[in-house]
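Here is the structure we will look at.
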Amino acid sequence: GRPDELHIGGIFPIAGTGGWQGGQACMPAARLALDDVNKEPNLLPGFKLILHSNDSECEPGLGASVMYNLLYNRPQKLMLLAGCSTVCTTVAEAAKMWNLIVLCYGASSPALSDRSRFPTLFRTHPSATVHNPTRIKLMKKFGWSRVAILQQAEEVFISTVEDLENRCMEAGVEIVTRQSFLSDPTDAVRNLRRQDARIIVGLFYVVAARRVLCEMYKQQLYGRAHVWFFIGWYEDNWYEVNLENEGITCTIEQMRIAAEGHLTTEALMWNQNNQTTISGMTAEEFRQRLNHALIEEGYDINHDRYPEGYQEAPLAYDAVWSVALAFNKTMERLKQRQKSLRDFTYTDKEIADEIYAAMNSTQFLGISGVVAFSSQGDRIALTQIEQMVNGKYEKLGYYDTQLDNLTWLNMEQWSGGKVPQDRTIVRRVL
Ligand SMILES: CC1(C)CO[C@@H](CC(=O)O)CN1
């Protein structure tokens, strides 16, 4: 007979201009995964997974109204997928009242790692704090125990810096100063100079990053005596675009000079080797299928016209697999009690707990690498380290925090020919 249907809600940031419109690539990726899991003969036998998609525009208010539409309209939903941090915060805080798991594929805010506020939240997108153990590892590797922090006054960076400060304390790394700015970094950069900061961790969105870079050039806080850590998920040529219409008074050449040598850290979202993942595809084969689907949607991929969220697409694809695998496990367990997912209602805590337990024990090789969650539902992920060398990002290595394993390619280059010091060395002539 007709397969029974398992319904989940999907909230994607598509339109709008505020925040991250990553649903543009993530919704097509989720749909590819839906096709794939429904083709798997032994994953949801007798069932068909149905995804009800809606646009949140990365606006928490719209996200909330979309969520209520999903919940107050039949058919009954079993779980919710969500994107941006702001929407995920609103949806996850409310969804627990309906005993719904919320799986976020595009939320990086450290605030979401809080089981007291979000008891049913999981995310295939790592928290922004995933960079911090990597930053500490690099400080240790290069012998830097005196660092400075420059951050934009945004919630995601404020909570990331709090985590970084704790880790620096534990690691015996002194934070000589912590400067923050709203949108103009001039004074903050001047204070870094006054404190003779040499190793600086920078946390800001890409528009602010261009302002910082130009200010670094003007105040000569770059070159052989300074090392900057920037975030690695800006677009590759971020430092030479939009200068005019953002009022940046440095030339492309000056931006490039200031940017030379900086390090970046980012979470790995595309599996790095040619392994066959649980879907039967390698990450590159997935990329081909995704590109084809996006071209069908009208994106001119062959001319670099990528939709937003392309980088995070594997996280959405793997989120749907996480759902299907969790339902598969849950059905096995419910069968022993003569129950089924068909019996789930928004007041059924027992089945909700089974789905939670199944999600909590997720562990598979996805397009984004091994998918597994911490006890707060955070994605466990590898990080990648790069360095800007002659205007191009060169891979320096990868870090596995769980195993404390740094894979180093020995490609780093220092314009002064040696590792920069974290302070002025005063040699006393005895
Ligand atoms: C790496 C990035 C760009 C961080 O912000 C995420 C969006 C959000 O946290 O709202 C998407 N992925």
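Worth pointing out:
- Cα gyration tensor shape of segment 1-99, rounded if a/c is under 1.5, else prolate or oblate by comparing a/b with b/c: oblate
- In degrees, nearest ten, helix 206-218 long axis to first principal axis of the chain (Cα): 10 degrees
- At a Cβ-Cβ separation cutoff of 4.7 angstrom, cysteine residues of the chain with no neighbouring cysteine are C26, C168.
- DSSP-defined beta bridges in segment 1-84 - what % are antiparallel, rounded to 5: 0 percent
- Most mobile listed residue (R167, R305, R287) in the chain, GNM with C-alpha springs under 10 Å: R305
- Crossing angle, helix 349-360 versus the chain [Cα axis fit, 0-90 degrees, rounded to tens]: 40 degrees
- Rounded tilt (10° steps) of 23-39 against the dominant C-alpha axis of the chain: 40 degrees
- Only Lys, Arg (+1) and Asp, Glu (-1) charged, at Cβ; segment 20-107 dipole about Cα centre in debye: 300 debye
- Charge dipole magnitude, Cβ of K and R +1, D and E -1 - the chain, Cα centre, debye nearest 20: 1160 debye
- Among residues other than I200 with Cβ under 14 Å from its Cβ, the summed charge is +4 (Lys and Arg +1, Asp and Glu -1).
- With contacts taken as Cα pairs under 8 Å and at least 6 residues apart, segment 1-155 reaches a relative contact order of 21 percent.
- Charging the Cβ of each Asp and Glu at -1 and of each Lys and Arg at +1, and nothing else, the dipole of segment 64-169 about its Cα centre rounds to 400 debye.
- Dividing the summed -39500 (n - 2.57) terms of all DSSP H runs of n ≥ 4 by the residue count of the chain sets its mean residue ellipticity at 222 nm at -11000 deg cm²/dmol.
- Förster-model FRET efficiency, 60 Å R0, W408 and N73, C-beta, rounded to 0.05: 0.70
- Gyration tensor verdict on segment 100-229 (Cα atoms; rounded if a/c is under 1.5, prolate if a/b is larger than b/c, oblate otherwise): prolate
Laboratory data are not the source of any read-out in this text; all were calculated from the coordinates shown. Model, not experiment: these values are computed from the prediction. All Cβ positions, glycine included, derive from the backbone under ideal geometry; neighbour counts span all protein chains shown.
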